[in-house]
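The structure under discussion appears below in the form of structure tokens.
The values are calculated or read from the model by the stated rules, or taken from the named source; none is laboratory data. Remember, predicted model here, so these are calculated numbers, not experimental data. Counting neighbours? That spans all protein chains shown, and the Cβs are built from the backbone with ideal geometry, glycine included.
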Amino acid sequence: MNAPVAAAARPHPLRELTLARLRLFFREPGAVFWTFGFPLLLSVALGIAFRNRPPEPVSIAVESPQLQRALQGAAGVRLELLDDEAARRALRTGKVELVVQPGPPVVYLFDPTRPESRLARALADAALHPRGPPATIDAPVTEPGSRYIDFLIPGLIGMNIMSSGMWGIGYVVVEMRTRKLLKRLVATPMSRAQFLWSFVIMRALFLLLELPILLGFAWLAFKVGVAGSLPLLVGVCIVGAMSFAGLGLLVASRAQNTQTVSGLINLVMLPMFVGSGVFFSTARFPEAVQPFLRALPLTALNDALRAVMIDGAGPSGVAGPLLLLAALAAVTFAAALRIFRWR
Amino acid sequence: MEAAVRCEKLVKKYGELAAVDGLDLEVRRGECFGLLGPNGAGKTTTVEVLEGLNDATAGEVEVLGMRWDRNEAALRQRLGISLQETHLPDRLTVEENLRLFRSFYAQGRPVDEVLEQVELTDKRATWTVKLSGGQKQRLAVACALVSDPELLFLDEPTTGLDPQSRRQLWDVVLDFKSRGRTVLLTTHYMDEAERLCDHVAVVDKGKIIALGTPRELIASLGGDEIVELATQQPLAPEELTGLPSVKAARRSADGIALTVEQLHLALPAILAHTGPLGLTRLSTHHATLEDVFVHLTGRHLRE
């Protein structure tokens with residue numbers, strides 16, 4: 001037996017499995033769009049919706065011409081002279097944020113739970129008592145790093161890593177099961193771990209394509225840059241991708257048809273879409289649910305991405321979330337390998 | 001030398017239903033062995049247990065002298081398997097699929113050589129989804145051959161294929177066998193079993209009801225020729241069993257079927273007897289395994 005020749009002729013199984021995954025992906029135009037095109041479209045749409053605009057003036061109803069004159073000079077205020085009844089109605093229906101009644105003492109009518117109302121009150125108060133509070137200087141902030149789009153882009157990258165991991169792996173694996181391809185593969189001596197690994201490697205490789213596209217676009221369109229180190233950002237993304245690859249495999253490990261796995265994927269992803277700070281900060285949720293939100297992998301990923309992109313954090317600054325993601329990747333991969341239904 | 005495949009008292013139950021119900025089987029090295037039977041007879045379940053893809057409820061299984069619970073890794077290296085239905089990835093080419101399967105085996109044959117053997121060389125760059133049924137099936141068999149297996153399992157390799165594709169696949173199997181390798185195949189085509197198999201086991205309801213070479217099984221009918229006839233007036237099969245060279249008679253779907261040893265002796269007597277009853281149809285053919293199956297079960301293979 002000529003062993004060296006046979007060994008040379010044998011392609012490496014992990015390489016072939018990964019190549020097959022990449023080929024199948026790029027030959028499926030729909031999958032390519034959802035992975036690369038969709039996040040771009042989403043960031044364009046949201047970038048336009050939340051672009052920086054001059055501040056909207058607040059509306060104040062006044063009940064006397066003297067007050068109207070006194071408030072004339074206040075910046076960012078739209079005034080309306082109304083009688084008491086009309087003024088109260090305007091306040092109730094949200095047409096004005098504040099009603100100012102002549103005094104003495106001057107009375108402010110407003111709903112303190114509405115931020116615009118509190119702003120209107122402060123503006124009116126400042127105009128009526130010009131020497132009241134100590135003088136301060138307002139410094140408007142429109143620098144890169146603190147705008148909504150700066151917050152949004154890392155969240156979109158995180159979300160994309162999650163959804164392409166879950167769909168790109170979970171759905172594909174279950175389809176292979178329903179088509180009996182898994183059964184055919186385990187009829188060979190193929191290493192099952194290598195089979196699952198090929199999915200993880202595919203996801204990591206994709207990131208090297210996805211990330212430049214998203215980051216390049218974010219820079220060109222919105223001047224969103226990366227404050228920290230680029231290699232660290234890539235590292236964070238790869239660890240994140242591996243952890244969602246593991247989760248995708250786990251979700252797909254038992255499902256017998258694509259409907260079941262679609263439901264499971266949505267079930268896993270929905271809490272993270274809402275609660276992991278993709279579109280708005282997790283700080284908006286009550287204190288009681290914060291520990292739960294912090295334990296979500298997408299929260300960890302988004303936190304790490306924002307730390308590197310916005311705050312310029314170094315490796316020690318993202319160690320916590322990275323550890324959580326790496327642990328999740330290891331646990332889900334091992335669990336998937338254990339409970340996987342091959343036939 | 002030990003048998004290539006041996007199983008004893010094999011039982012596979014799904015709930016109360018026994019898909020395989022105490023099946024004994026021995027496949028010798030270097031032969032092509034056929035499991036012949038109708039759909040639902042338990043052929044696929046049996047083969048999947050032998051392939052280590054399904055667990056038996058009871059019974060002993062030995063493949064190449066090894067057992068699945070102890071030697072799975074070694075066994076997988078030495079088998080070639082083609083399942084009843086496998087959808088290989090639509091958008092991989094013929095060659096990519098074959099290279100993928102080749103990569104799983106420590107030893108094997110060059111991809112080009114296998115492509116040549118199954119006559120898919122000119123389709124090597126074609127996506128699986130664009131292949132015809134026969135080409136897909138040849139690719140499935142190629143994926144089983146690329147490991148250069150000692151034992152090849154083929155589960156209904158030609159079901160649904162056109163005659164030319166079937167003959168192409170038969171050539172692949174005969175070529176494999178001519179190199180001293182063993183084949184175990186299932187089929188519900190008797191011509192396929194007669195053409196390819198050294199031994200045939202007729203399976204019905206999870207049991208083997210007849211076993212032998214195709215010649216032996218046909219000879220068990222008592223005659224090589226089958227005469228089928230119908231008359232206008234009623235005729236009982238028993239009336240014909242005493243005629244010269246008629247070995248057996250039974251009612252068939254639309255008349256009577258006779259097993260005959262020598263046509264030239266039987267036919268004049270049959271014509272003389274049935275003429276007055278208004279003979280409306282008479283045909284003869286060489287006995288096939290289909291006739292064996294009908295003889296044993298009273299049913300046709302594809303009912």
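Do you know which residues across the range B:241-262 are closer than 9 Å to B:Gly223 by Cβ and among the aliphatic types (A, V, I, L, M)? Talk me through it step by step, then tell me what you get.
Step one: of the range B:241-262, the residues closer than 9 Å to B:Gly223 by Cβ are B:245-248, B:258-262.
Listed by number, the residues that qualify are B:Val246, B:Ala248, B:Leu258, B:Val260.
For the range A:190-214, name all the residues that are modelled with pLDDT of 90 or more and either more than 21 Å from A:Ala335 (Cα to Cα) or small (Gly, Ala, Ser) (or both).
Within the range A:190-214, A:Ser191, A:Ala193, A:Ser198 qualify.
Any residue at all in the range A:83-106 that's modelled with pLDDT of 85 or more and of a type in the set (Ser, Thr, Tyr)?
no
Considering B:Leu169, B:Leu161, B:Leu139, B:Leu174, which residue is outside any helix (DSSP H, G or I), among the hydrophobic types (A, V, I, L, M, F, W, C) and out of contact with any Phe, Trp or Tyr (no Cβ under 6 Å at 6 or more places or on another chain)?
Details: B:Leu169 fails: outside any helix (DSSP H, G or I); B:Leu139 fails: outside any helix (DSSP H, G or I); B:Leu174 fails: outside any helix (DSSP H, G or I).
Just one listed residue meets the conditions, B:Leu161.
Give the number of residues within the range A:9-38 that are without any contact (Cβ under 8 Å) to a residue 60 or more places away in the chain, more than 7 Å from chain B (Cβ to nearest Cβ) and crowded, with 18+ Cβ neighbours inside 10 Å.
The total comes to 1.
Take the residues of the range A:178-212 that are over 27 Å from A:Gly240 (Cβ atoms) and part of a helix (DSSP H, G or I): which is nearest to the other protein chains (Cβ to nearest Cβ)?
A:Arg184
Scanning for something part of a loop (DSSP other than H, G, I, E, B), over 30 Å from A:Trp219 (Cα atoms), of a type outside the set (Ser, Thr, Tyr) and without any contact (Cβ under 8 Å) to a residue 12 or more places away in the chain, does the range A:76-86 turn up at least one residue? Quick ask: steps written out before the conclusion?
In the first step, residues of the range A:76-86 are kept if they are part of a loop (DSSP other than H, G, I, E, B); the result is A:76, A:82-83.
Within this subset, residues satisfying the condition of being over 30 Å from A:Trp219 (Cα atoms) are A:76, A:82-83.
From what's left, of a type outside the set (Ser, Thr, Tyr): A:76, A:82-83.
The next check asks that each one be without any contact (Cβ under 8 Å) to a residue 12 or more places away in the chain; those that pass are none.
Checked against the condition, which is being part of a loop (DSSP other than H, G, I, E, B), over 30 Å from A:Trp219 (Cα atoms), of a type outside the set (Ser, Thr, Tyr) and without any contact (Cβ under 8 Å) to a residue 12 or more places away in the chain, the range A:76-86 yields no hits at all.
Going by the conditions given, is A:Glu80 modelled with pLDDT of 80 or more, closer than 30 Å to A:Ile161 by Cα, surrounded by fewer than 17 Cβ atoms within 10 Å (Cβ to Cβ) and acidic (Asp, Glu)? Write out each step before concluding.
Values: modelled with pLDDT of 80 or more: yes; closer than 30 Å to A:Ile161 by Cα: no; surrounded by fewer than 17 Cβ atoms within 10 Å (Cβ to Cβ): yes; acidic (Asp, Glu): yes.
No; evaluated as a whole, the condition is false for this residue.
Considering the range B:197-233 alone, what residues qualify as being in contact (Cβ under 8 Å) with a residue 24 or more places away in the chain and among the basic types (Lys, Arg)?
Taking the range B:197-233 and keeping what is in contact (Cβ under 8 Å) with a residue 24 or more places away in the chain, we get B:197-210, B:214, B:217-218, B:220-233.
Across the range B:197-233, the qualifying residues are B:Lys205, B:Lys207.
For A:Thr332, indicate whether it is outside any loop (DSSP other than H, G, I, E, B), among the hydroxyl-bearing types (Ser, Thr, Tyr) and within 15 Å of the chain's Cα centre (by Cα).
Details: outside any loop (DSSP other than H, G, I, E, B): yes; among the hydroxyl-bearing types (Ser, Thr, Tyr): yes; within 15 Å of the chain's Cα centre (by Cα): no.
So A:Thr332 fails the test.
Which condition does B:Gly37 not pass, out of (1) modelled with pLDDT under 90; (2) surrounded by fewer than 23 Cβ atoms within 10 Å (Cβ to Cβ), if it passes all the others?
Failing condition for B:Gly37: (2).
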